[in-house]
Every structure is written in structure tokens, then in C-alpha cells.
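This report refers to the structure that appears directly beneath it.
The values are calculated or read from the model by the stated rules, or taken from the named source; none is laboratory data. Note that this is a predicted model, so its numbers are computed, not measured. Don't worry about glycine lacking a Cβ; one is built from the backbone with ideal geometry, like all the others, and counts go over all protein chains shown.
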Amino acid sequence: MAEIEFTTTELMEAQGQVWNLLFSYLKSMCLKSSVELGIADALKKQGKPMKLSELTSALSIPPSKFEPFSRFMTTLVHLELFAEKLDDSGATMYALTPASRLLVKDEAMSIIPFLTLHLDPMICDSSHVLGPWFKSPTETPFELYFGKGFWDVAREKPEFSKMFNEGMTSDSRLVSDVVMMTCRDVFKGLKSVVDVGGGNGTMARSIAHVFPEINCTVFDLPHVIDALEDRQPGVEYVGGDMFVSVPHANAILLKSIFHDWNDEECVKILQRCKEAIPSKVEGGKLIIIDAVVGAATNKHARTIETQLLLDLLMMNLISGRERNECEWQNIFLSAGFKDYKITHFLGLRSIIELYP
């Protein structure tokens with residue numbers, strides 16, 4: 001079979017593609033550095049676009065670093081973390097974008113704890129052994145690198161466990177706010193909801209606030225529930241194991257649960273949830289918030305790429321996975337469900353209403 005020949009132009013373009021992949025780690029470092037410097041906070045505090053001189057002054061950056069900081073900002077603008085605007089004199093001004101708005105500290109929709117978690121060496125370092133892992137008997141690259149499973153390490157390191165919980169909480173805050181602003185109808189008419197794997201109850205609290213008539217329950221492992229200090233009146237907190245049984249309710253909510261588990265484990269969770277809800281005629285359903293790979297309102301290549309990278313992250317850490325609609329349908333059918341509805345509106349994620 002003849003070897004495929006590529007033109008010089010194709011090879012030079014390929015070099016650019018490979019180099020872009022090679023240096024992509026610097027995107028994460030730019031993101032991390034912008035948070036460490038507090039660029040978004042300075043712009044939010046100012047309340048309007050800032051000149052470079054104003055921004056460097058607000059960030060206490062010495063004159064010797066003005067020129068490299070200008071280059072840094074040029075990259076951040078290209079990455080769409082910040083925007084450039086021109087004032088009346090033609091001078092460049094820097095402004096927040098939707099992305100950097102999420103990087104303002106101490107705000108309800110801040111994702112800084114989520115960012116901090118996923119840039120921690122405990123999350124990142126095991127990706128270095130992704131290649132060797134494919135020939136290894138270990139369950140995950142994380143286990144190959146650290147010698148223990150992800151959840152074992154989390155239990156042994158309280159500081160990392162705390163960081164993990166804070167990161168997941170920040171994500172739940174953002175998602176719950178968006179759900180309640182744009183898709184609250186999925187909860188309308190329900191009498192009770194159990195948030196399975198609900199952690200500190202961020203989602204349940206949001207539902208109870210908007211729909212005080214719904215009886216909300218947070219269901220998680222006993223040690224998670226026992227450790228909770230901030231409990232909202234009117235929300236019930238129950239400890240247990242979702243693989244054994246789930247508290248009965250009109251609806252079961254599962255946010256970012258299924259991507260942690262393989263198909264067989266997901267079927268078991270679904271079966272326990274099915275046992276806990278009434279029939280569809282009686283208003284029973286599961287509400288799943290998770291990614292549906294390849295199916296989103298935003299068909300931009302970046303969205304699909306991010307979903308695929310999330311899939312690799314799950315594979316790297318805990319043998320989990322993201323799923324496309326066909327793969328979701330397979331586990332639904334295996335668990336005895338036949339009817340579902342997908343609403344694509346959460347960017348990378350969707351809401352799936354699953355009926356018994």
C-alpha cells in the first residue's frame with residue numbers, strides 16, 4: 001500500500017496544530033494567574049473599563065513588569081477572558097466578559113473554587129501517566145500515579161476533601177441559579193424532591209426557596225450529612241447509600257452523579273431511584289443534570305471539545321464517563337425506563353426528565 005504523501009503546506013499547518021496542543025497548558029496557567037492577580041475583581045470594583053496604567057496600579061504591578069503584563073493581557077483578550085475597548089482618545093481599555101465575570105471572588109456565581117480544585121496537582125498530575133495507563137492493570141491513571149483510588153485519597157486528605165466539596169458547591173450554585181432563572185418549570189407541580197448526592201444541599205435550598213411548597217430532601221452518604229453545619233430550615237437531610245435505597249419522593253434530582261460511574265453502576269442507581277418514585281401518571285420522574293455529549297444549544301466546536309475533555313477527566317480520576325444520547329438511552333432502557341425528555345440549555349450540560 002502506497003504511503004500517503006502530504007504537501008509542505010499541510011505539514012506546516014499540522015505543525016501549527018500540534019504546537020497549539022503542545023502549549024495549551026499555558027491557557028490553564030493564564031486562567032490561574034488572572035485569578036491570583038485579581039484582574040476580574042479590580043475591573044468589577046472599578047465598575048467600568050480600565051486603561052493598562054489604571055489596571056497595573058490597582059493590581060500593584062511594578063513599572064518593570066508593565067510591558068510583560070501588557071503582553072499577558074493581550075493573550076487573555078485573545079482567549080476571551082477579557083475584552084478590549086477603545087476610549088474617545090483611542091487608548092485601549094480592558095473590560096469584563098461573561099467568562100471573567102465568573103472569576104470575581106466572593107460572588108454567588110463565582111467558579112473560582114471549581115477552578116482551584118481542577119488546577120490542583122491532585123487532579124492534574126495523574127494525566128502525565130495517561131499513556132502508560134492504557135497498558136496497566138490499574139483501574140485509573142490516578143491510581144497508577146498515586147497508588148490509591150481517588151476517593152481513598154480524598155478521605156485521607158481532609159484539606160483536599162474540603163477543596164473538592166467547595167469546588168462542587170460553587171458549580172452547584174451557578175447551575176442552580178441558572179436552572180431557577182431559565183428552566184424552573186421542571187419542578188412545577190411537584191410535591192417532594194430528593195436531591196441524591198446533594199452534598200451540602202445547594203440545589204435543594206434553591207428549589208425550596210423558589211418553591212416553598214415542595215418538600216426537599218438532601219440525600220448523601222452518612223459521613224457527608226453528619227459533617228454538615230449549615231442546614232436550612234425546611235430542608236430535610238438524610239444519610240444513606242444510593243446503591244441500596246433512595247428516600248421516596250415525587251421526583252429524584254441527580255446533578256453530576258452519573259458521570260462518576262460506569263454503566264452497570266448507573267443502572268443500579270437508576271433502579272433504586274425508580275423504586276422511590278410513583279408512576280408517570282402520578283407525577284413521578286427523575287431530573288438529571290449532566291452532559292449529553294454532542295447535543296447542546298451551542299454547537300460550537302469548543303463545546304464539544306470541552307465535553308470530550310470532561311470525559312477524559314472522568315476516565316482519568318474515577319473510571320467515570322460522559323455520555324451521548326444513545327449511551328444515556330441504553331442505561332435508561334436497562335434500568336426499566338422508556339420515556340425521557342432532554343432540554344439543552346446549560347451550555348455543556350442538559351436537563352433530562354426521565355419517566356418510569
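Some observations on this one:
- PRO63 within 28 Å of ALA154 (Cα to Cα), loosely packed, with under 12 Cβ neighbours inside 10 Å and either out of contact with any His (no Cβ under 6 Å at 6 or more places or on another chain) or among the aromatic types (Phe, Trp, Tyr) (or both): no
- Applying the criterion of being in a helix (DSSP H, G or I) and of a type in the set (Phe, Trp, Tyr) to the residues of the stretch 12-40, the residue that is farthest from GLU305 (Cα to Cα) is TRP19.
- In the set LEU144, LEU103, LEU130, only one residue is closer than 18 Å to LYS27 by Cα and surrounded by 14 or more Cβ atoms within 10 Å (Cβ to Cβ); that residue is LEU103.
- Considering residues of the stretch 176-194 that are hydroxyl-bearing (Ser, Thr, Tyr) and surrounded by 15 or more Cβ atoms within 10 Å (Cβ to Cβ) only, the residue nearest to ILE289 (Cα to Cα): SER176
- Screening SER256, SER279, SER245 for residues that are among the small types (Gly, Ala, Ser) and more than 30 Å from THR140 (Cβ to Cβ) leaves exactly one candidate, SER279.
- When the residues of the stretch 57-69 are filtered to those that are in contact (Cβ under 8 Å) with a residue 12 or more places away in the chain and in contact with a Ser or Thr (Cβ under 9 Å, 6 or more places away or on another chain), the one that is farthest from ASN20 (Cα to Cα) is PHE66.
- Residue match in the stretch 252-260 (condition: surrounded by 13 or more Cβ atoms within 10 Å (Cβ to Cβ), at pLDDT 95 or above and farther than 21 Å from GLU325 by Cβ): no
- Residue satisfying all of: in the stretch 81-97; of a type outside the set (S, T, N, Q) and modelled with pLDDT under 95; farthest from CYS30 (Cα to Cα) among these: ASP88
- Test: residue in the stretch 249-260 that is free of Cβ contacts under 8 Å to residues at least 40 places away in the same chain and in contact with a Leu (Cβ under 9 Å, 6 or more places away or on another chain): no
- The residue pairs whose first member lies in the stretch 1-30 and is closer than 30 Å to LEU103 by Cβ, whose second member is hydroxyl-bearing (Ser, Thr, Tyr) and surrounded by 10 or more Cβ atoms within 10 Å (Cβ to Cβ), and whose beta carbons are closer than 7 Å, counting only pairs six or more residues apart or on different chains, are CYS30/THR75.
- Any hit, the stretch 123-134, residues being over 16 Å from MET314 (Cα atoms), of a type in the set (A, V, I, L, M, F, W, C) and assigned to a loop (DSSP other than H, G, I, E, B): no
- Answer residue from the stretch 322-356, given it is among the basic types (Lys, Arg) and modelled with pLDDT under 95 and is nearest to LYS268 (Cα to Cα) among those: LYS338
- Count of the stretch 298-353 residues which are farther than 23 Å from LEU115 by Cβ, out of contact with any Cys (no Cβ under 8 Å at 6 or more places or on another chain) and assigned to a strand (DSSP E or B): 8
- Only one of the listed residues (LYS280, LYS268) is charged (D, E, K, R) and at pLDDT 95 or above. That residue is LYS268.
- GLU143 being without any contact (Cβ under 8 Å) to a residue 24 or more places away in the chain, among the charged types (D, E, K, R), farther than 21 Å from THR306 by Cβ and part of a helix (DSSP H, G or I): yes
- Any hit, the stretch 187-202, residues being assigned to a helix (DSSP H, G or I) and in contact with a strand residue (DSSP E or B) (Cβ under 6 Å, 6 or more places away or on another chain): no
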